[in-house]
Amino acid sequence: MTWVGDPRLAATAEAARYLDAAFTPGARLGTVYDDPTTPVVVTKVEQVATLRVPSGRLVVDAPWHDDDAWRYERGLPTRPPRELAVGIPAGAHPVDVAWTAGPYEFLGRHFEGIECAATRLRLHDEPVVAWEVGLGVDDDIDGLQPGGSFRFASDANVGCFADAGAWTTLSAPFRMYVDGSPVPRETERLPHEGERVRDDSRQADLVTFSAESGGIVWVGRTGTGDVAAVVVTTGLPGAEA
C-alpha cells in the first residue's frame, strides 16, 4: 500500500527541492546572496556522530534556552522539550551534515563561503519520496498556514537530536548555571563544534549541531510511509526550507 500523508503537512515544491538536493554532493542549492552568477553547491555529506534513541521518541530542540537560565540555576521546572509527534525506529542512527560552498569577495578578500546546509538523522536506507513538516507533540496542526512550518528557537544557534526518554539527564550539562553564567561542561567533542552527551544507563544520546536562530524540522517518508530521515534546516526567515 502506498502511504498517503496529511496534505497540511506536505512540504512545498520549493522546500522539497531543497531537501532532496541538500544531501546530494554536487547539487546546486541556489546562488550566493547578491551574486546570481555564483552558485551555492553541496560539496560533501559528512557523518559526524551516531545517536542512540532506545525509546523511539525524538527531541529536536535547543539543548538550553537563555531566558530559562534563572530557572536552571534555581532548579525550577522549565518548558518541556520539543518532541516530535512521529515516532522513529529505536536504535542507533547516523547524524549527517551537508556542507555547501558559495565563494564570494568582501573588502578585497576571497572567502569560500563554507556553510552547513542541513543536518540529518538518517533512519532508513530507502529513498525519501515525500517531505512533511516535523510536527511536535504540542503543535496545533490546525494553526499551520498553507506552506508554513513549525520550528524551534535557539539563542545560541545550537540545536540537538536527543532521546526523549532520557532528556533530563542528557540536557543537564547544558543547564548548569551559577551566578547567571553557564558552568563549563564536560561533553564529548564532535567535529565542527558539535557535542555529544551519553546516558549509558539508558543507552541514549544527545548530539548538538549548528542551527542558526533555531531550525525548521522536516520528516522524510519512504513510499510506504516509513520515516527515512529527520532533517533540520536553517530557522532564518526567508530560507528556502
> To the nearest 20 debye, what charge dipole does segment 109-241 have about its Cα centre, counting +1 at the Cβ of each Lys and Arg and -1 at the Cβ of each Asp and Glu?
Replying inline: 240 debye
> Rounded if a/c is under 1.5, else prolate if a/b is larger than b/c, else oblate: which is segment 147-196, with a ≥ b ≥ c the root eigenvalues of its Cα gyration tensor?
Replying inline: prolate
>> In 10 Å bins starting at zero, report the fraction of Cα pairs in segment 1-107 per bin as a rounded %.
In response: 11, 23, 31, 24, 10, 0
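Let me know the shape class of segment 12-62, please: from the alpha-carbon gyration tensor, a ≥ b ≥ c as square roots of the eigenvalues, rounded when a/c is under 1.5, otherwise prolate if a/b is greater than b/c, or oblate. Could the numbers behind the result be given before it?
Working: a/c = 2.76, a/b = 2.10, b/c = 1.32.
Prolate is the answer for segment 12-62, as a/c is 1.5 or above and a/b outweighs b/c.
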>> Per residue, how much accessible surface does segment 119-209 expose to a 1.4 Å probe? Answer in Å², no decimals.
In response: 53 Å²
> How much accessible surface does residue 50 have with a 1.4 Å probe, in Å² rounded to 10?
Replying inline: 50 Å²
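Can you give the net charge of the other residues whose Cβ lies under 13 Å from the Cβ of residue 105, counting K and R as +1 and D and E as -1? It would help to have the intermediate numbers written out before the result.
Working: positive: 109; negative: 34, 35, 112.
Net of charged neighbours comes to -2.
Using +1 on the beta carbon of Lys and Arg, -1 on that of Asp and Glu, and nothing else charged, what's the dipole of the chain about the Cα centre, debye to 20?
Details: 21 positive and 36 negative charges, 82 e Å.
Dipole size: approximately 400 debye.
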> Got a sec? What order do 175, 79 fall in by accessible area at 1.4 Å, biggest, i.e. largest, first?
Replying inline: 79, 175
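Which residues make up the longest stretch of the chain that has no chymotrypsin sites (Phe, Trp or Tyr not before Pro) in a DSSP loop with at most 15 other Cβ atoms within 10 Å?
Values: sites that count: 3, 33.
The answer is 34-241.
So what is the relative contact order for the chain, in percent, with contacts set as C-alpha pairs under 8 Å and at least six apart? All intermediate terms of the calculation are to be shown ahead of the outcome.
On the way: 560 pairs, mean separation 61.3, N = 241.
Rounded, it is 25 percent for the chain.
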> Label points 7 Å out from Cα along the Cβ direction at residue 203 and residue 6: separation in nm?
Replying inline: 3.2 nm
>> I'd like the GluC sites (Glu not before Pro) in segment 85-132 restricted to DSSP loop residues with at most 11 other Cβ atoms within 10 Å, sorted by number.
In response: 112
> With Cβ to Cβ distances under 13 Å as the rule, what net charge do the other residues near residue 32 carry (K, R +1; D, E -1)?
Replying inline: -4
> Considering only the other residues whose Cβ falls under 11 Å of the Cβ of residue 139, what net charge follows from Lys and Arg at +1 and Asp and Glu at -1?
Replying inline: -2
>> Which one, 184, 25, 54, has the greatest fluctuation when you compute a Gaussian network model over the chain with C-alpha springs under 10 angstrom?
In response: 184
> Viscosity 0.890 mPa s, temperature 25 °C: Stokes-Einstein D of segment 99-239 from its Kirkwood Cα radius, in µm² per second?
Replying inline: 141 µm²/s
>> Testing the spin-label approximation: label points 7 Å from Cα along Cα→Cβ at residue 31 and residue 156. State their distance in nm.
In response: 3.8 nm
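What part of the accessible area of the chain, given as a whole %, is carbon or sulfur when the probe is 1.4 angstrom? Write out the running numbers ahead of the final one.
Working: 6370 of 12220 Å².
Carbon plus sulfur share of accessible area: 52 percent.
The values are calculated or read from the model by the stated rules, or taken from the named source; none is laboratory data. Model, not experiment: these values are computed from the prediction. Positions of Cβ are backbone-derived with ideal geometry, glycine not excepted, and every protein chain shown enters the neighbour counts. Only protein heavy atoms, including side chains, enter the accessible area calculation; ligands, DNA and RNA are left aside. Shrake-Rupley method; radii C 1.70, N 1.55, O 1.52, S 1.80 Å.
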